[in-house]
Structures are given as structure tokens and as C-alpha cells.
Amino acid sequence: MDVKTVWMDGEIVKLIDQRLLPGEFRIFEARNYKDVAFAITEMVVRGAPAIGAAAAYGMAQAQLQGRDLEEVARHLRSTRPTGHDLFYATELMLEASRKGKDLVKVAEEYAEDSERRCRAIGRHGLNIVREGSRVLTHCNAGALATVDYGTALAPIRAAKEEGRKVFVFVDETRPRLQGAKLTAWELAQDGIDHTVIADNAAGLLMARQEVDLVIVGADRIAGNGDVANKIGTYEKAVLAKENGIPFYVAAPVSTFDFSIRDGTEIPIEERDEQEVKKVGSELIAPQGSRARNPAFDVTPARYITGFITEVGILRPEELSSLKKEVLESRGK
Ligand code: MRU
């Protein structure tokens, strides 16, 4: 993309307002950490790595404004509970501030490093996205969900750059339609052939063997390889296994949480029921009906063929080898 998903301009944290895409391209300006927190909660910026980068810039802005960084970190962490990058980034920024570092510089490095890791994910993903591959993806794990380039969309972009013909099935991804609104928009920008499908159509297309592989992103990955991602991912994993279709998760080290043993320890965000009862501003359910709106689900490791990371493609049982990379990325 020509612009990054989030960056800093002087003391202002600037973000692409993803609530308005694909209809309108507008930049949201966050003037203090409370604006950054609002942008995360209201999904001006969304996607685990992008939320992490926004929080890193929010901490840098707070240092410039002489605020209590522990308090700022607490406030930013109170926005959305599931994505690990938010906690990874705020902890990294707090550690840097304790060492007296210039957080604007640290945040810039964090953003550049995040993009570098996404491009490495793309390169490693070239081993599985071949000429003519038909890939299904869920939600948006593209440039908009990171600083740039994406995670699940990275191997698809890299294949395109290699001149390979790739086709993408894009789950619309109810209730907030990140697939139809954001992933399709990104693929259209890049001239990558794709079609948007209703979330419920994936099973039929898999059963008909019209899908060669599934690649999704992740919000938090437990030490045993259980993965939290957008609601509906678990179903796709079960369908893929049932139909003998490889199921890959693309994610950088900032998304892995080795402090938890398995997926039962991942907090799952429940969002406002209006997101389910409405499409845009149109009410699609009776006024009086209740709705449940869990934003993420957990896919057990046994459904995952491999993790596409910046150090290579790893099977769930090989994840412990990533611990070292996680520590190094934290400067430890
Ligand atoms: O609610 P969202 O839009 O923040 O959910 C985003 C996802 O589930 C993405 O797949 C995940 O964060 C990976 S982004 C590279």
C-alpha cells in the first residue's frame, strides 16, 4: 500500500480509518492516548499486529506529552483483550522507557520490524502458494491488519510478485465484514483475482475441492499451537480437515503467547450485539431479539497444518523453537 496503516506525524498518531473502507479513504488523527484507545476499541484500526503498532505509537506520543506511561499502557491494554500484539507492544515500550530510550525511535523501529517480518512470512509462504493455487482466507489479515504487507495475504502478495497466478476466496466475515470490505479492497488494489463468498459457502466449495489451501491470520497463539482468530475460523479449520485441505496460520512472533499453555487460557472478546443485529445501519433482526457476538474463536492445534512465520513454516509441535526468536525480538 502507498501509505502505512498507522504512523506518526510529529505528535499526531495517524491511522487509516478502516470503518469507512472500501467506500471512503480517510485518515484518523489521534491527538493523545485516549484517541488511540478509542481508535482500537471502535476498530478504526483493527487486526492484531496493527493494534500493536498503534499502541506502540500511542506510548511514544504519551512520552512526548509527558504522561504516566504505566497508566497509558493500562488504558491501551483495556481496549481489546484477545489480540496478543497489544500486550507485546506495550510491554516492549514500557521496558524501553525504563531504559530511558526515545520511544518515538523505538516505535518507528517496531513498525519497520513488523513490516519486515510480514515480508519474511510472504517469502516463506511461497513454498505453499504455487502457480494456480486457489486460497481461501477469513477476515482481513492483510496490510490493513498490520503496518503493511499483511500476514495471511503476504504469501499471496509474494506469489503475485513472482508472477504466479493465484485465486482467492474471500469470506465476507460477518458481522463486521472485514473480508468483503477490507480483504477484497486490498486484493483489488493489487490486481489479485478473487471472489467474495458468504461465510457459509466455504463448506460446499471445499467439498467440491475448489479450494487448494486455507490461509488465515491469528490474534493470539498459545504455546501448544491453539489459535485464536476471527469468529468462524474454527469452522473453516474443521471443514478443511474433513475435506483433506491444508490449513495454515500466518503470524509474526509478536502474536505468539508462550506464557499460556493452551487455547482455554485465551480471553475471547464479546462485542456489542448490535454488530450482529445490523448490517451497516440496517436492522436485520427484530428489535426485541437478543444477539451474542463473540469476536474470536479458538482453533485447536490438531487442525493446523502449519504456521507461516518470519523464521519459516513450522508444524504445531515445532513451535518451541520459536521461543528463542520471541525473546530476541524483545531484545532479550
Ligand atoms: O476484530 P478484528 O478485525 O481485529 O480481527 C482481526 C483478525 O481476526 C485477524 O485475522 C488477526 O488479527 C490477524 S491480523 C494479521
Just a yes or no: is a residue in the stretch 223-242 assigned to a loop (DSSP other than H, G, I, E, B), within 16 Å of the ligand (Cβ to nearest atom), acidic (D, E) and open to solvent by 10 Å² or more (accessible area, probe 1.4 Å)? yes
Looking at (1) at pLDDT below 95; (2) not in a loop (DSSP other than H, G, I, E, B), which is the one condition that is false for V249? (1)
Considering only residues of the stretch 254-270 that are of a type outside the set (F, W, Y), within 13 Å of the ligand (Cβ to nearest atom) and in contact with a strand residue (DSSP E or B) (Cβ under 8 Å, 6 or more places away or on another chain), which is nearest to I156 (Cα to Cα)? T255
Quick one: which of P286, P294, P246, P252 is open to solvent by 20 Å² or more (accessible area, probe 1.4 Å) and under 19 Å from the mean Cα position of the chain (by Cα)? P294
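Applying the selection to the stretch 27-76, what residues are assigned to a loop (DSSP other than H, G, I, E, B), among the small types (G, A, S) and either loosely packed, with under 14 Cβ neighbours inside 10 Å or away from the ligand (no atom under 15 Å from the Cβ) (or both)? Walk me through it before giving the result.
The initial filter retains those residues of the stretch 27-76 that are assigned to a loop (DSSP other than H, G, I, E, B), namely 31-32, 42-47, 65-68.
Pick out the ones that are also among the small types (G, A, S) and you get 47, 66.
Matches in the stretch 27-76: G66 only.
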Does D262 satisfy being modelled with pLDDT of 95 or more, under 17 Å from G47 (Cα atoms) and either out of contact with any Pro (no Cβ under 6 Å at 6 or more places or on another chain) or open to solvent by less than 60 Å² (accessible area, probe 1.4 Å) (or both)? no
Hits in the stretch 175-195 (condition: of a type in the set (A, V, I, L, M, F, W, C) and either at pLDDT below 95 or within 16 Å of the ligand (Cβ to nearest atom) (or both)): L177, A180, L182, A184, W185, L187
Of the residues in the stretch 77-90, those that are in contact (Cβ under 8 Å) with a residue 40 or more places away in the chain and either open to solvent by less than 30 Å² (accessible area, probe 1.4 Å) or among the charged types (D, E, K, R) (or both) come to T79, R80, T82, G83, H84, D85, L86, Y88, A89
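The values are calculated or read from the model by the stated rules, or taken from the named source; none is laboratory data. Quick caveat: nothing in here was measured; it's all calculated off a predicted structure. All Cβ positions, glycine included, derive from the backbone under ideal geometry; neighbour counts span all protein chains shown. We work out accessible area using only protein heavy atoms, side chains counted, and drop any ligands, DNA or RNA first. Shrake-Rupley method; radii C 1.70, N 1.55, O 1.52, S 1.80 Å.
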